[in-house]
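Visitor: Before anything else, here's the structure in question.
Values in this text are rule-based calculations from the coordinates and carry no lab data. All of these numbers come straight from a predicted model, not from anything done at the bench. Here the Cβ positions follow ideal geometry from the backbone for every residue, glycine too, while neighbour counts run over all protein chains shown.
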């Protein structure tokens, strides 16, 4: 019997965050979508201007007996820049903010501890600005966004941004990868 849980992270464009987590052992599903805003049923076109308040995020279904929430947090913080407010590289706007949408008190406590530990260790050159929020309505993105990198590995943005993030995690956390024989 598995210990299925959900984690919801926002760390920039979901085209880049989804492939990072979908390759991890214990992760059964990653859904790209929108979270943390004030518009009901937002579309990609609506969130792109930043007016809906939503972040591009991913909802991760995982078996906590195979991969812990704390391990997912470690990968999350190391796979994006949590020190830039409303920005990841050239992607700028509130929809690209760094955020964790905690599903329960244990997740909230784990995020607070992880941020405190990373700041104390000076892992990053600036303080972490990741937003810590409670669970909120998660709206799955349009079908063409789901597993976008997997379907479009030669797309220029994927080659320039998503592929290096995925490879960084494959290298740094090789023991967490489902199948090392898959193409990077």
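Visitor: What is the fewest-to-most order of 45, 114 by other Cβ atoms lying within 10 Å of their Cβ?
Guide: 45, 114
Visitor: Follow-up. Sorting 157, 139 on the 10 Å Cβ count, fewest up front, what's the list?
Guide: Lowest to highest Cβ neighbour count: 157, 139.
Visitor: Which one, 141, 55, 160, has the greatest fluctuation when you compute a Gaussian network model over the chain with C-alpha springs under 10 angstrom?
Guide: 160
Visitor: Convex hull volume of the Cα atoms in the stretch 36-184, per residue, in Å³?
Guide: 131
Visitor: Quickly estimate the mean residue ellipticity at 222 nm for the chain, helices only: each DSSP H run with n ≥ 4 gives -39500 (n - 2.57), and the total goes over all residues, rounded to 500.
Guide: After summing the helix terms and dividing by residue count, I get -8000 deg cm²/dmol.
Visitor: Next up: If you average over every viewing direction, what projected area does the convex hull of the Cα atoms of the stretch 35-101 give, in nm²?
Guide: Result: 5.1 nm².
Visitor: Hey, another quick one. Quick one: compute the contact order of the stretch 4-176, relative version, from alpha carbon pairs under 8 angstrom and 6+ residues apart, as a percent.
Guide: Computed over the stretch 4-176, the figure is 31 percent.
Visitor: I would also like to ask the following. Taking neighbour counts of Cβ atoms within 10 Å as a proxy for exposure, in what order, fewest first, do 72, 40, 159, 118 appear?
Guide: Lowest count first: 40, 159, 118, 72.
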